[in-house]
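Structure, as structure tokens:
All of the numbers you see were taken from the coordinates with simple rules; none came from a lab. Just so it is clear, the structure is predicted and the values come from calculations on it, not from any experiment. Glycine gets a Cβ as well: all are built from the backbone with ideal geometry, and neighbour counts include every protein chain shown.
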């Protein structure tokens with residue numbers, strides 16, 4: 001069984017802050033991490049490897065620095081890693097990103113592709129389903145649990161108020177929820193292997209069989225026209241008083257607003 | 001039957017033959033957009049034995065409904081739904097297609113965008129037609145809600161967007177409104193991408209959706225433990241509201257994920273939002289800052305929640321909440 005896991009290096013958005021004076025994003029010192037949903041997807045793949053002896057390949061598209069998250073994946077137990085990196089890929093929206101990744105994946109053997117449900121820097125949840133569409137295979141998103149049965153994958157798919165248990169014929173793509181498991185840690189031996197024994201294969205533009213019109217900014221149907229820091233509204237009154245006085249103050253406000 | 005040029009299509013999300021509220025919110029917004037474009041709003045309803053629901057869509061403002069009523073569409077599955085939506089887009093060439101950012105919309109829309117080769121903007125919080133240029137501007141939070149990005153889709157049609165539930169405002173339903181129903185006449189073809197549903201398990205969540213609540217009492221890490229968090233239920237009960245939660249309290253296991261407010265939870269805009277022991281990470285603020293009246297109780301005077309609060313109380317929520325509950329209860333008793 002051959003599994004491909006797509007992973008993205010993302011800024012830890014819980015560490016991102018807004019400069020209160022300039023109203024701009026402070027990115028300095030914000031650590032880069034493996035996107036949490038992707039990490040859960042990798043863990044799911046590694047568990048299938050433990051159970052069934054699968055071969056796990058990780059793939060990422062991004063700048064050279066994304067090497068770090070691919071090494072981390074290798075140190076956790078992935079067998080092979082590919083990094084798609086080229087100025088021609090940059091500025092891609094979800095459509096162009098998925099068409100690039102799908103073209104690269106098309107060069108590899110796979111029975112199962114796993115992506116995270118969404119990345120914490122974009123939150124779009126689009127790249128997984130779009131990769132599946134480009135490859136002409138089924139996808140099941142919001143995967144909470146999975147198992148392989150013969151030539152099918154059976155998934156517990158989460159909805160707002162229910163789960164569906166559904167199956168798809170392999171090859172298929174699933175998108176993993178971060179809640180699906182607790183990813184393992186890298187082992188010291190794993191880290192050693194990731195840097196000394198295993199390699200991250202770099203694929204640039206010419207190694208990915210995809211049309212110029214389907215990659216990078218040029219291949220992106222959408223364009224960002226502007227970004228604004230989020231405007232917070234004017235703060236209201238803040239009081240610091242004892243418990244009794246605080247309660248009275250809130251009561252007065254609730255009456256003033258006709259809530260009581 | 002024809003559809004006007006530059007029409008705005010809305011995918012009518014339905015589960016168990018009930019339209020999801022976000023669909024009505026989108027129809028409301030789509031009417032504004034269509035008016036500016038000199039066109040009309042068409043709802044796209046897929047399901048099995050759902051013809052009755054077309055009236056509701058028309059009452060909320062859809063001028064036409066395309067109805068695909070088919071046994072294969074009874075329960076949501078990606079491939080047959082994608083086939084229908086993609087065929088409808090090919091046939092009628094709408095200008096814009098909107099989906100709710102639900103677990104159906106967020107699954108279906110990218111698959112459709114991939115198939116018809118167009119752009120898709122996720123989880124929009126604002127949609128407008130730019131004066132003068134008629135560009136369709138789609139605005140969404142990025143970087144965990146720290147930035148707002150405005151996105152356009154210049155050369156591909158339709159422009160597609162998913163929109164967060166609870167953000168757009170639905171119109172008052174007009175039961176006398178008249179609209180046309182057009183039956184989908186395409187084909188659904190079984191292929192390798194069809195999935196099989198074996199079972200459906202209800203998640204056993206409370207029926208009370210925080211997005212419908214007029215009053216929400218929400219708690220975070222500052223409630224310290226499950227017992228502390230339980231105080232919020234009493235306050236919510238005496239106010240006739242619902243309990244909400246920050247991500248920290250969900251991660252701690254004090255409240256279910258369905259009650260989470262924020263970027264990765266739900267967007268709410270109740271009349272009253274009481275934030276107890278919530279510091280106010282930007283991701284949380286993104287989900288509640290549109291509430292009419294925000295009261296925040298937190299012992300850290302520098303907590304960002306105070307930037308959006310109308311009323312900020314610096315103090316220990318564990319002490320203040322029970323006293324407040326008591327005060328409201330005795331106030332109610334006097335009435």
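Tabulated data for the structure shown
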| item | result |
| --- | --- |
| Helix axis angle, B:105-116 relative to chain B longest principal axis, alpha carbon, degrees | 30 |
| Computed FRET value (nearest 0.05) for residue B:200 with residue A:1, which takes r as the C-beta separation and R₀ as 35 Å | 0.80 |
| Nitroxide proxy distance, nm - points 7 Å out along Cα→Cβ at residue A:228 and residue B:271 | 3.0 |
| DSSP-defined beta bridges in the protein assembly as shown - what % are antiparallel, rounded to 5 | 35 |
| Prolate/oblate/rounded call for the protein assembly as shown, Cα gyration tensor, a/c under 1.5 rounded | oblate |
| Mean Cβ neighbour count within 10 Å, used as a protection proxy, ranking A:108-119, A:147-158, B:33-44 highest first | A:108-119, B:33-44, A:147-158 |
| Cα-based helix-to-principal-axis angle, A:67-76 vs chain A, degrees rounded to 10 | 80 |
| Stretchable slack from residue A:50 to residue A:258, in nm (0.36 nm times residue separation minus alpha-carbon distance) | 68.8 nm |
| Simple label model, 7 Å out from Cα along Cβ direction - residue B:332 to residue B:225, nm | 2.7 |
| Cα gyration tensor, segment B:124-212 - rounded (a/c under 1.5), prolate or oblate | rounded |
| Shape of segment A:109-232, Cα gyration tensor, a/c cut at 1.5 | rounded |
| Sites residue A:30 and residue B:176, calculated FRET efficiency, Cβ-Cβ separation with R0 45 Å, nearest 0.05 | 0.20 |
| Ordering of B:100-107, A:206-213, B:149-156 by packing [mean C-beta count within 10 Å, highest first] | B:100-107, B:149-156, A:206-213 |
| Shielding of B:116-127 by partner chains, average beta-carbon count, 10 Å | 4 |
| With Cα atoms, 0 to 90° folded angle of helix B:21-37 axis to chain B main axis | 60 |
| Point-to-point label distance, residue A:191-residue B:36, nm (Cα→Cβ direction, 7 Å offset) | 5.3 |
| Theoretical gain in end-to-end length, residue B:48 to residue B:233 [0.36 nm per residue, Cα-Cα removed] | 62.7 nm |
